[in-house]
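Step one of this worksheet: look at the structure below.
The values are calculated or read from the model by the stated rules, or taken from the named source; none is laboratory data. Since this is a predicted model, take the numbers as computed values, not measurements. Neighbour counts are summed over all protein chains in view; Cβ atoms, including those assigned to glycine, are modelled from backbone coordinates with ideal geometry.
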């Protein structure tokens, strides 16, 4: 199956908000965002699994180094390259766990003018520190991996399981920040050909290098200059790919699925993320609230049962007393459901008119494909518990 084999979703003012079924059938990129511990990884895998069930070629990728994605797919481990997950579905399901350093190394090998240039970069101490410890490297490499999978992977849909919300914002902002860095005048000066020499650099670059020499030592400055100059000719490729990823994130084929739980801290994070999406010219396509307390009875049903519970409560022991206890428990569960609904009411309003889906609290964690399939059934089956509300 080739990318774009599925018809594009309806668009225009009369198309209305996309349902989660529309997303899995038609979108080419699905970004799952949310705070930690809300079932985001499981949701990402369930979306990719459903795409494979519909005959699409799907890849789910996590930029969280935890092994939850591998566990939910029933495999021992995942690598930096797509691993095919075997299963009884008409499409194909793949998964990978991002390795930032491995992705950076692959980029260097692919885009260097020569193997000598690639070797110069890989042995440089600045590069080794950059790929190992520098904040933001994970987000930059996630951007590059997304570009690779979408442009070259041959997938109909790529589902990205992001880190917790505020780090996910770094991921979404990585194209802009990388472009800004590459356009910095000091960076441009350091990228000047080696033959120009430091004495021809601009005043800002010379001042920076003198300060670095005093603080860190001449060897570090030498490594830094060598590192930037080793990248000569490659910066344009980084800039172009950053711009392309930014285009991918705002295109109609990209969906942002916000995942939350009824906890107040999770809701606060999700509200923050939704507002940042809006500020960036993007918006939540759908909201999935996991681990909710189901509502087993309507208000009318509870009102009809109340007299039976009151009479049974004064009847002493026996079946009538048991009935009173059942009615009381039902009222208690309904109250808990209403309290949860009130907890995330502000989030529902924030993402409107995006549809909202509720997945009930399960008896156990998802640790294999059977469990993952159950979650997909709840989320996508018309008669499942992943109910939709208009927002």
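What to note about this one:
For (1) within 17 Å of the chain's Cα centre (by Cα); (2) modelled with pLDDT under 85; (3) closer than 30 Å to residue 119 by Cα, each residue gets a yes or a no:
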residue	(1), (2), (3)
244	no, no, yes
253	yes, no, no
259	yes, no, no
266	yes, no, no
272	yes, no, no
294	no, no, no
302	no, yes, no
318	no, yes, no
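- Listed by first and then second residue, the pairs with beta-carbon distance under 8 Å, at least 6 apart or on different chains, first residue in region 310-333 and under 25 Å from residue 293 (Cα atoms), second in a loop (DSSP other than H, G, I, E, B) and modelled with pLDDT under 80, are 324/315.
- Residues in region 67-95 that are more than 17 Å from residue 145 (Cβ to Cβ) and under 18 Å from the mean Cα position of the chain (by Cα): 67, 68, 71, 72, 73, 93.
- Residue count for region 45-63, restricted to those that are out of contact with any helix residue (DSSP H, G or I) (no Cβ under 7 Å at 6 or more places or on another chain), part of a loop (DSSP other than H, G, I, E, B) and under 21 Å from residue 145 (Cα atoms): 1.
- Cross-chain or 6+ apart pairs with Cβ under 9 Å, region 232-257 first and under 14 Å from residue 177 (Cβ atoms), then assigned to a strand (DSSP E or B) and modelled with pLDDT of 90 or more: 249/29; 249/31; 249/256
- Answer residue from region 84-118, given it is free of Cβ contacts under 8 Å to residues at least 60 places away in the same chain, crowded, with 17+ Cβ neighbours inside 10 Å and touching a strand residue (DSSP E or B) at 6+ places or on another chain (Cβ under 9 Å) and is nearest to residue 237 (Cα to Cα) among those: 98
- Where a residue in region 366-387 is over 18 Å from residue 75 (Cβ atoms) and its partner, wherever it lies, is at pLDDT below 85 and outside any helix (DSSP H, G or I), with Cβ under 6 Å and at least six apart: 377/384; 378/384; 378/385; 378/386; 379/386
- Neighbours by Cβ (under 9 Å, 6+ apart or cross-chain): first from region 123-137, within 19 Å of residue 226 (Cβ to Cβ); second modelled with pLDDT of 65 or more and in a loop (DSSP other than H, G, I, E, B): 130/124
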